[in-house]
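The values are calculated or read from the model by the stated rules, or taken from the named source; none is laboratory data. Since this is a predicted model, take the numbers as computed values, not measurements. Neighbour counts are summed over all protein chains in view; Cβ atoms, including those assigned to glycine, are modelled from backbone coordinates with ideal geometry.
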Amino acid sequence: MTGTSIRRLIALTLALALLGGCARSSHFDRWDARTSPGSGMTVVRSGDTLYSIAVAHDLDWRDVARWNGIRDPRSLRVGQTLRLTAPGHRSASVVQRSAPVRTPQHARDASSRSESTSPHWLWPAQGRVVSRFIDGSSLQKGLIISGALGEPVRASTAGEVVYAGNGLPGYGNLLIIKYDSTWLSAYGYNEKLLVKEGDRVRAGQQVALMGRRDGRALDKTGSLLFQIRRDGKPVDPLLHLPNR
C-alpha cells in the first residue's frame, strides 16, 4: 500500500469516527444535558412550558407548580431552575414523584383529582395502531397510529393547547391539549402544527398534519404518537377511546 493510500485510509477512518460521534449526540440527549441525574432539578429553556416539563418527567403539572411556588403556569422564565421532587425529598438516581405529608388541604386536592371523570375521547387519526401502550414502559407510553403523510390529526377532546413545539426529544412536533386540571392528551411526530399555545380547540377539530416518526426521514408512511395522561401519568388510550 502506497503512502497516499495509507493517508486516505486514515482520513476516511477519522471521518467515520467523527460522524459516529455526531450520531450518538443526537437530539435525544438534549433533555439529559439540562437535568443532572439524581439531582431532581431541571433548567427551563426557550419554548418550555410547565406542561411540557411535566410530560417529559411523567409528573403532574400541579405538583411541579406547587413544589416551585408557581401560581401562573405561564410565568416560567428561561434559565429558571425547577425542582422535580417535593421540597425536603432526597432524590434517588431516578427522579421519583414524592407526595408531601398530607394536610387537610392536600387531602382535599387529592380527593378532587380522584373525582375527575374521563372525558369522551375521539380517535385522533383513522389509521391502524402499530404500537400499543405498555404499562410501566419507559418507551411505549401511548399509541403509534399509522397513516399517510399530511393526513389530518384531530383533537381527541376539547381543551386548551398548553404546548406546541418540538423541544421534547423523541416527540418531534408536539401538541399537548389540556382538557381539565386532571386530563391531558399529547400528539407527536406531526409534520405541521395548525394551532398554537393558548388556543381553545373543539373535539374533532384538525390541529396538525401527520408526519414521520421523529428522526425517521426515510419513512414513506406517516405516524402519530398519541398519549392520554391522567394526573401526569400515561394511561392506556385503548381503555378510553371508542371501539372501532
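Assorted remarks:
Residues are listed down the side, and each one gets a yes or a no for (1) at pLDDT below 85; (2) of a type outside the set (Phe, Trp, Tyr); (3) in contact with a helix residue (DSSP H, G or I) (Cβ under 9 Å, 6 or more places away or on another chain); (4) surrounded by fewer than 21 Cβ atoms within 10 Å (Cβ to Cβ):
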{"position": "ASP109", "(1), (2), (3), (4)": "yes, yes, yes, yes"}
{"position": "SER112", "(1), (2), (3), (4)": "yes, yes, no, yes"}
{"position": "GLY136", "(1), (2), (3), (4)": "yes, yes, no, yes"}
{"position": "LEU139", "(1), (2), (3), (4)": "yes, yes, no, yes"}
{"position": "VAL162", "(1), (2), (3), (4)": "no, yes, yes, no"}
{"position": "GLY170", "(1), (2), (3), (4)": "no, yes, yes, yes"}
{"position": "LEU175", "(1), (2), (3), (4)": "no, yes, no, no"}
{"position": "TRP183", "(1), (2), (3), (4)": "no, no, no, no"}
{"position": "TYR187", "(1), (2), (3), (4)": "no, no, no, no"}
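- Matching option when the condition is of a type in the set (Gly, Ala, Ser) and under 14 Å from ILE145 (Cα atoms), among GLY232, GLY204, GLY211: GLY211
- Taking the numbered list (1) touching a residue at least 60 places away in the same chain (Cβ under 8 Å); (2) within 19 Å of GLY127 (Cα to Cα); (3) of a type in the set (D, E, K, R) in turn, GLU197 passes all entries but (2).
- Only one entry of ILE53, ILE70, ILE144 meets the criterion of being part of a loop (DSSP other than H, G, I, E, B) and either modelled with pLDDT of 85 or more or on the phi > 0 side of the Ramachandran plot (or both), and that entry is ILE70.
- Restricted to the range 178-208, and to residues there that are part of a strand (DSSP E or B) and aromatic (Phe, Trp, Tyr), the residue that is farthest from the chain's Cα centre (by Cα) is TRP183.
- Scan of the range 215-243 for residues that are touching a residue at least 60 places away in the same chain (Cβ under 8 Å), under 29 Å from SER181 (Cβ atoms) and not in a strand (DSSP E or B), ordered by number: ASP231, GLY232, ASP236, PRO237, LEU238, HIS240, LEU241, PRO242
- When ALA155, ALA186 are checked against the criterion of being in contact (Cβ under 8 Å) with a residue 24 or more places away in the chain and farther than 22 Å from ASP72 by Cα, ALA155 stands alone in meeting it.
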